[in-house]
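Shown next, in structure tokens, is the structure this report addresses.
The values are calculated or read from the model by the stated rules, or taken from the named source; none is laboratory data. Since the structure is predicted, the reported quantities are computational estimates derived from the model, not experimental observations. When we count neighbours, we look across all protein chains shown, and the Cβ atoms used for this are built from the backbone with ideal geometry, even at glycine. What goes into the accessible areas is simple: the full protein's heavy atoms, side chains included, and nothing from ligands, DNA or RNA. Shrake-Rupley method; radii C 1.70, N 1.55, O 1.52, S 1.80 Å.
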Amino acid sequence: MHKNRGPVYYGDYLQLPKLLDSQLPLSRKFANESNGECHDEMLFIVVHQVYELWFKQILHDLDAILATFNKTYVPESELSSVVQKLERIKKIQTLLIGQFDVLETMTPMDFLEFRDLLIPASGFQSVQFREIEIKLGLNTNDRQHVDREFFLGRLSETDRAKLTDLETSPSLLKLVEGWLERIPFTKMDNFNFWDEYQKSIQTILKDDEEIILRNSASLSEVQKNIQLENLSVTRTTFKSLFDKIAHDELVVNKQRRLSQSAILNALFIMLYRDESMLALPFQVLTSMMDIDENFTTWRYRHALLAQRMLGTKIGTGGSSGHQYLKRAADNNRVFVDLFNLSTFLIPRSRLPVLPPEVKKQLNFNV
Ligand code: HEM
């Protein structure tokens, strides 16, 4: 434990003079006889500053999580600390989404009073927001070309270089991919889990086909064929999980991001999360999905805020405003592969029974 060597004063410790002297409305600076300071610009500044402080805390926690996953072996004790930090990020995100309620007490007319003074500054220049995106796993090349041009062009050279450099470090997505790939259990002596799993899937699909054919008396030929076609699509989707070439093609087309073995092991965790050893890994994956979902919710909420304030006007950063932000909400996802794992889940009753020695290991009885 650290020992204090002298008295501490609240305002000094929190650097309050600096912090509370950092709200400088431009409408005050440029006030004249006909236009005074705009009352709501203070709210606009405070809300943005609070966001940036929370971004700082998210980055602080994210760095610790990245350091843990950067190890070749992640012990159980460190995994629970990762879950705790991921949960904290989720709580912060709840605040971030809620804060829009406060900002929306400013009316569009009040915003118009000082909006033009901000040009060309905009959230495009929030370096911390980009850092969070990059550290999670969203790189410049993952974005649509037109969006890339917009926000890169708005950054200072120093900030652009900083972010470009950051993109060369492994992101959470990449590190978690490596961690998932290293998880054992699915291939052990005399037991190849995925062979067993594929057999279960084939039985399920065969049963589905029989149901369609059995009920075909009540279906028209067209309806029956549509159902059989849908089933064939499901078959192909399942096949893409086990066929490396098909999987890699989806990665090239940006439809999947994680490697095949990482996806398979994540699926194993989802299927057998009740086994003691998989409980924490399951929580890690679930929290990462929650964080991805919360960011998407934030993006939609922010896009609606922009529409409410600007209608169809362009943003101060020069983008199409609401349209751009809505597109970013749709596209800028990180852990979408984890969401799509649900496609491959099968009922518990159809799961392959794990051999006793695998079950023992999964329950810490080595
Ligand atoms: C009146 C309130 C706000 C309006 C009208 C607004 C509008 C916009 C618009 C139109 C953009 C697109 C870039 C541009 O062309 O300017 C943008 C981007 C952005 N804004 Fe806001 N914003 C507001 C408040 C906030 C707040 C409180 C934050 C919190 C930090 C924020 C963070 C961002 C970020 C991070 C981006 C970049 C998003 C991306 O590229 O995916 N904005 N904003």
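For this structure, a couple of remarks:
- Listed by position, the helices (runs of 4 or more DSSP H) contained in the range 308-364 that have at least 3 residues being under 30 Å from Lys239 (Cβ atoms) are 336-340, 356-362.
- Residue among Glu76, Glu104 that alone is within 22 Å of Thr316 (Cβ to Cβ), touching a residue at least 60 places away in the same chain (Cβ under 8 Å) and not hydroxyl-bearing (Ser, Thr, Tyr): Glu104
- Scanning the range 65-78 turns up no residue that is among the aliphatic types (A, V, I, L, M) and within 18 Å of Phe100 (Cα to Cα).
- Some residue of the range 311-325 being near the ligand (Cβ under 6 Å from one of its atoms), aromatic (Phe, Trp, Tyr) and surrounded by 19 or more Cβ atoms within 10 Å (Cβ to Cβ): yes
For (1) over 20 Å from the mean Cα position of the chain (by Cα); (2) open to solvent by 30 Å² or more (accessible area, probe 1.4 Å); (3) among the aliphatic types (A, V, I, L, M), each residue gets a yes or a no:
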residue: Glu104; (1), (2), (3): yes, yes, no
residue: Pro108; (1), (2), (3): yes, yes, no
residue: Leu112; (1), (2), (3): yes, yes, yes
residue: Pro120; (1), (2), (3): yes, yes, no
residue: Glu133; (1), (2), (3): no, no, no
residue: Phe151; (1), (2), (3): no, no, no
residue: Asp165; (1), (2), (3): yes, yes, no
residue: Ser171; (1), (2), (3): no, no, no
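- Total residues in the range 38-61 satisfying the condition of being surrounded by 14 or more Cβ atoms within 10 Å (Cβ to Cβ) and away from the ligand (no atom under 16 Å from the Cβ): the figure is 1.
- When the range 1-33 is filtered for residues that are open to solvent by 100 Å² or more (accessible area, probe 1.4 Å), in a loop (DSSP other than H, G, I, E, B) and either under 22 Å from Leu103 (Cα atoms) or polar (S, T, N, Q) (or both), the ones remaining, listed by number, are Asn4, Asp21, Leu24.
- Phe295 vs. criteria more than 14 Å from the ligand (Cβ to nearest atom) and either touching a strand residue (DSSP E or B) at 6+ places or on another chain (Cβ under 6 Å) or among the aromatic types (Phe, Trp, Tyr) (or both): no
- Positions within the range 127-171 being within 23 Å of Tyr51 (Cβ to Cβ) and of a type in the set (S, T, N, Q), in sequence order: Gln128, Asn139, Thr140, Ser156, Thr158, Ser171
- Test: residue in the range 292-299 that is open to solvent by less than 70 Å² (accessible area, probe 1.4 Å), at pLDDT below 95 and assigned to a helix (DSSP H, G or I): no
- Residue pairs whose Cβ atoms lie under 8 Å apart, sitting 6 or more positions apart in sequence or on different chains, and linking a residue in the range 45-64 that is more than 16 Å from Leu166 (Cα to Cα) to a partner that is at pLDDT below 95 and open to solvent by 50 Å² or more (accessible area, probe 1.4 Å), do not occur here.
- Of the residues Gln202, Gln128, Gln198, Gln144, the single one that is surrounded by fewer than 18 Cβ atoms within 10 Å (Cβ to Cβ), of a type outside the set (Val, Ile, Thr) and free of Cβ contacts under 8 Å to residues at least 40 places away in the same chain is Gln202.
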